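Each reported figure results from applying straightforward, stated rules to the coordinates on display, with no laboratory input. Here the structure is a predicted model, which means the values were calculated and not measured. Here Cβ is always computed from backbone atoms with ideal geometry, including for glycine, and neighbour counts include all displayed protein chains.
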Amino acid sequence: MLPATKGIFDRLTRRGRLMTKRTCDRQGHVVRDGRFLFRTPTAWEYAAAVACGSDPAAQRWLGWQPGSIVDELSRADALRVVPGTGPDWASPDPQSVDLVMIDVEANRCVGLVSVHTGEDGGPETGGYLAPDYRGHGHGRALFAAGLVLAHDHLGLPRVRAGAEVGNVASARSLQAAGLARVAGPPTYRLPDGRVTEAWWFEHAAPRPVRCAGPQATWFPASLL
């Protein structure tokens, strides 16, 4: 086998393993929920996931900084990324564990969920879906995967989530996933600096566990 051909074969084999891997390891996490696979993304999958939330309707609630938004001309290309392709990726936020949401039946990246540090230093989960996956009940699977990541992979006994007051779809999805409304700060600040009124939700697990995947070690013990 020629060296160049061997290199192509190795890359394809490696990508195939990304899609079939069922357990966590030092390179990443894997969560499965029916037709959806959640796992640590490759660089290309992360670009696709960011494109899923870059449209104006999503940014109404997400409020990213302009430099983080995939422009409209590039968005369609990013959304065509084939899952399992692309080089390894390292999160730009050292205090966030991100999973790309993959629709295995459609073979496409359709969202992202994360467990990250909230404004109080404690663990929060959050995420978003591609435009054509909103309004179909898939938010439950998205946020349920965030809970599994927090409790069954990162060993966190509790995790909360915020939603802007008025974002009824997000609130319903959080509650469908099992989070309950709780008291919290009246406002929170979005990445672009906008301050908005907030609803808060929380979920607790009596016996959280850690998996073999990368761990979140930055949460203060007093907030867990």
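Assorted remarks:
- Applying a 4.7 Å Cβ-Cβ cutoff to the chain, the cysteines left without a disulfide-compatible partner are C52, C109.
- Of every Cα-Cα pair in the range 29-210, the percent that sits beyond 26 Å: 24 percent
- Positive-end residue, the chain charge dipole about Cα centroid, Cβ charges, pick of A198, P92, A177: A177
- Positive dipole terminus of the chain, leading residue within T187, P66, I102 (C-beta point charges): I102
- When the Gaussian network model of the chain links Cα atoms closer than 10 Å, the mean-square fluctuations of A176, A130, A106 top out at A106.
- What you get for the range 29-210, charging only the Cβ of Lys and Arg (+1) and of Asp and Glu (-1), is a dipole of about 540 debye around the Cα centre.
- Based on Cα contacts under 8 Å between residues 6+ apart, the chain shows a relative contact order of 21 percent.
- Take the convex hull of the alpha carbons in the range 100-147; its mean projected area over all directions comes to 3.6 nm².
- Taking a point 7 Å out from the Cα of V165 in the direction of its Cβ, the residues of the range 183-203 whose backbone N falls within less than 20 Å of it are 183-202.
- For the chain, the longest piece that avoids every one of the GluC sites (Glu not before Pro) found in DSSP loops with at most 13 other C-beta atoms within 10 Å covers 120-224.
- Three principal axis extents of the range 140-224 based on alpha-carbon atoms, in descending order, are 37, 26, 22 Å.
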